[in-house]
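All remarks here apply to the structure that follows.
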Amino acid sequence: MLPRVADSLSFLYLDIVRIHQDDTGVCAEVTSEHHGTETVYLPTAALSCVLLGPGTSITARALATFARHGTTVLVTGSGGVRCYAATLPDSLTTTWLERQTRAWAEDDRRLAVATTMYEKRFGPGTVPTGSTLAQLRGFEGQRVKAHYRLLAQQYKIGRFRRAYDPASWDTQDPVNLALSSANTCLYGIVHAAILALGCSPALGFIHNGNQQAFVYDIADLYKADLTIPLAFSLHASTNPEAEARRSFRDGLRLFKLLPRIVADIQQLLDPDTEYEVPDPEEQLVDLWDPVAGAIPGGVNHGVES
């Protein structure tokens, strides 16, 4: 039995390796001047996502195994910064996609979900009743800037301004480099959880017009606890991108991020009911009926003669 997404490991970043499938499993071949070629087997069924950096090649058999095990594969830039493409694993059910689509398509419900997201970030009762989405965005901007100022004072680094410019990447300060690197890892984990539930990464409630809009929505719930403090703590680092990835992975063990992502998505899309991730051994495909709704699949509905 495959592990549930909530119980999976977080992520694995690979670059300058060859990934292929042999008779034992999926492995990565790492070549170096001092150690020659080493083979490392990957726990495909227990990984939520794999980030493939520059210099990585992967065979069709290995990619099929990742998809079969529900592991999301992201093609990223150097250091895991910027996501260029992502695979879509075989989702178990469309139940959560249908709930997400209904909530996204109705303006009142979409605003309600967006409001709940802000309250999850800043605390219950902190959003004034009847606030518009524009007012919510302004409220968020003030809170985030205040958080930046507080951390800048704590680490005594002077004034900080968030910047993300891939065209002049090497000229940015360590905090921005670390924050971009850690955020990309966070996006990968959130993307994997969203796909595992069968939801669409593109149907965002706050963000819009991007294939990862919902990924950005959910990732924003955790940045203040995970990536932002981590980035400021690396303000004096000489290699902030790599240190951010390693420290971020270590912090996830205590934060238990994947179970939180799954629970938060379910609460946002259906706040009145408690759900668990369906067991892959028990989940069946239902049939749609215009009168009865969902009816059991795997049943012969023909009239016996």
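No lab work stands behind these numbers, since they all come straight from the coordinates. Keep in mind that this is a model prediction, so the values were computed, not measured. All Cβ positions, even for glycine, are placed from backbone atoms using ideal geometry, and neighbour counts span all protein chains on display.
Report, in whole Å, the centroid distance computed from the Cα atoms of segment 181-228 and segment 21-60.
Taking the Cα centre of each part, segment 181-228 and segment 21-60 sit 26 Å apart.
Roughly how big is segment 165-273's charge dipole about its Cα centre, with Cβ charges of +1 (Lys, Arg) and -1 (Asp, Glu), in debye to the nearest 20?
Using only the charged Cβ atoms, the result is roughly 360 debye.
If you consider only alpha-carbon coordinates, what radius of gyration and Dmax does segment 90-247 have, in Å?
When restricted to the Cα atoms of segment 90-247, Rg and Dmax are 17.1, 50 Å.
Amide H of His207 versus every other amide H placed in the peptide plane: which residues, excluding those fewer than 5 positions away on the same chain, fall under 5 Å?
Under 5 Å from the amide H of His207: Asp217.
Once the piece of chain linking Thr37 and Tyr164 is laid out straight, how much longer is it, given 0.36 nm per residue of separation minus the C-alpha distance between them?
42.1 nm
Past 25 Å, Cα to Cα: identify those pairs from Lys156/Lys256; Lys156/Lys223; Lys120/Lys156, in the order given.
Distance filter (> 25 Å) returns Lys156/Lys256; Lys120/Lys156.
Under the 0.36 nm per residue contour assumption, what length would be gained going from the current alpha-carbon distance of Ile16 and Gln153 to full extension? Before the final figure, lay out the partial values.
Working: separation 137, 0.36 × 137 = 49.32 nm, distance 3.89 nm.
Working it through step by step, the gained length comes to 45.4 nm.
Compute for segment 96-141: radius of gyration divided by Kirkwood radius, i.e. Rg/Rh, restricted to C-alpha atoms, rounded to two decimals. It would help to have the intermediate numbers written out before the result.
Details: Rg = 11.2 Å, Rh = 11.1 Å.
For segment 96-141, the value is 1.00.
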